[in-house]
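Working notes for the structure below.
The values are calculated or read from the model by the stated rules, or taken from the named source; none is laboratory data. Not measured: the values here are computed from a predicted model. Reconstructed Cβ throughout: ideal geometry from the backbone, glycine too, with neighbour counts over all protein chains shown. The accessibility values were calculated without ligands, DNA or RNA, using every heavy atom of the protein model including side chains. Shrake-Rupley method; radii C 1.70, N 1.55, O 1.52, S 1.80 Å.
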Amino acid sequence: MRSVMNERYAFDRQFKLFKGITFDYFAKLVPEETPAMDEPYLVFGRPEVLDYTSLVEIDGECRGCLYLTSPVPMLEDLLAINGEPDVSRRTLLDMCRELSNVLSGNASQAFGGHWEISVPKTLDAHDVEHLNLPDSTFVMPLRWREQRALLVVGLTPNNDSTSRSRLLGDAA
Amino acid sequence: MKLLIVDDSLVVRNAIDRAVQSGDVHVGELTNVHRAENGARAVELFASERPDMVTMDLTMPELDGLGAIRRIREIEPDASILVISALNSHKTALEAIKNGACGFLTKPFTEIEVVDALKKLASHARLRTVARA
């Protein structure tokens, strides 16, 4: 019973944290266009993958990963609000990586700095399918400018034997 | 003055470059802007170009930002370095300052924030030049 309550508490905490970080990102760069967050859900079966996906591995008080999968139009709009005129594949990938970097890095304060993040990695659908995500992994559907991206958070307390290499599995 | 922008993101390097080049702001008298996509390249460029100011990301491939700051400080102990990172904890900022950064700016940043931070960095670089004279 206590374990279920702890899991529920961890889920609530993580969801609120990353929802706040995501909203703060948009509030800072496009304050007039607030995003919306649909109900989060647990990952069952094959994870949904959109046009571009970027993953950041996390270590410290928690261990696991965060990944962002986004459609091209949202990344094009994000490039525009960052003042970037180039919308080539290179900059779209870069924008996806940078957003996953910012959303994961901004959680550092909530964990008192006991929070290490990796350099973002670009993943394809095959890589995502082979990720060894924890059972508690949940999906946060983000809506902005009529586009939908998914922020996927898979974190466990850092007292188990899961290692970064195991997390990435075949995608490493 | 010369500026070195260090970040593994092209979009971020471009955003910082555009901010300092925009017509309505003056971050010192910039003559050259150099760019590096990782810490190792940053150290090489610092050694060859001797920029007056550096903006430094922390999470980068090959050599991270703190490692690059330490190596740059071996070349130039008073280097003017502004860390620009998504890691937003006080612990990270203190660690950066302890390793020799002069300032810390959290991502995401607005153009005004990066220009203000670079103006302060330019003042630091100018003071260093005056102190040496």
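Please verify whether segment B:9-32 includes one or more residues that are of a type in the set (D, E, K, R) and under 22 Å from B:Asn99 (Cα atoms).
No, segment B:9-32 contains no residue that is of a type in the set (D, E, K, R) and under 22 Å from B:Asn99 (Cα atoms).
What is the number of the single condition among (1) in a strand (DSSP E or B); (2) aliphatic (A, V, I, L, M); (3) surrounded by fewer than 19 Cβ atoms within 10 Å (Cβ to Cβ) that A:Leu68 does not meet?
It is condition (3) that A:Leu68 fails.
Of all residues in segment A:16-39, how many are closer than 13 Å to A:Pro141 by Cα and either modelled with pLDDT under 95 or surrounded by fewer than 16 Cβ atoms within 10 Å (Cβ to Cβ) (or both)?
Qualifying residue count, segment A:16-39: 4.
How about segment B:53-63: which of its residues are surrounded by 18 or more Cβ atoms within 10 Å (Cβ to Cβ) and of a type in the set (Asp, Glu)?
If the condition is that a residue be surrounded by 18 or more Cβ atoms within 10 Å (Cβ to Cβ) and of a type in the set (Asp, Glu), then B:Asp57 is the only one that fits.
Could you check A:Asn101 against (1) surrounded by 16 or more Cβ atoms within 10 Å (Cβ to Cβ); (2) touching a Leu at 6+ places or on another chain (Cβ under 9 Å) and say which number it fails?
Answer for A:Asn101: the failing condition is (2).
Those residues that are surrounded by fewer than 24 Cβ atoms within 10 Å (Cβ to Cβ), touching a Ser or Thr at 6+ places or on another chain (Cβ under 8 Å) and within 8 Å of chain B (Cβ to nearest Cβ), I need them from segment A:71-94; list them, please.
A:Leu79, A:Glu84
Going residue by residue through segment B:103-124, is there one that turns out to be touching a helix residue (DSSP H, G or I) at 6+ places or on another chain (Cβ under 6 Å), away from chain A (no Cβ under 12 Å), surrounded by fewer than 21 Cβ atoms within 10 Å (Cβ to Cβ) and on the phi > 0 side of the Ramachandran plot?
no
If you go through segment A:63-73 one residue at a time, do you hit one that is over 19 Å from A:Lys121 (Cβ atoms) and either among the hydroxyl-bearing types (Ser, Thr, Tyr) or in contact (Cβ under 8 Å) with a residue 60 or more places away in the chain (or both)?
Within segment A:63-73, one or more residues are over 19 Å from A:Lys121 (Cβ atoms) and either among the hydroxyl-bearing types (Ser, Thr, Tyr) or in contact (Cβ under 8 Å) with a residue 60 or more places away in the chain (or both).
How many residues are crowded, with 18+ Cβ neighbours inside 10 Å and touching a residue at least 12 places away in the same chain (Cβ under 8 Å) when one looks only at segment B:72-94?
Count: 12.
Consider only pairs whose beta carbons are under 8 Å apart and that are at least six residues apart or on different chains; among these, list those whose first residue lies in segment A:25-47 and is more than 17 Å from A:Glu129 (Cα to Cα) and whose second residue is in a loop (DSSP other than H, G, I, E, B) and open to solvent by 80 Å² or more (accessible area, probe 1.4 Å).
A:Phe26/A:Thr34; A:Ala27/A:Thr34; A:Glu33/A:Arg145
How about segment A:95-114: which of its residues are in a helix (DSSP H, G or I), at pLDDT below 95 and at the interface with chain B (Cβ under 7 Å from one of its Cβ atoms)?
A:Gln109
What about B:Ala42, is it at pLDDT 95 or above and farther than 25 Å from A:Leu78 by Cα?
Considered against the rule, which asks whether it is at pLDDT 95 or above and farther than 25 Å from A:Leu78 by Cα, B:Ala42 comes out as yes.
Considering only residues that are within 14 Å of the chain's Cα centre (by Cα) and in a loop (DSSP other than H, G, I, E, B), which ones fall in segment A:34-48?
Passing the criteria: A:Pro40, A:Val43, A:Pro47, A:Glu48.
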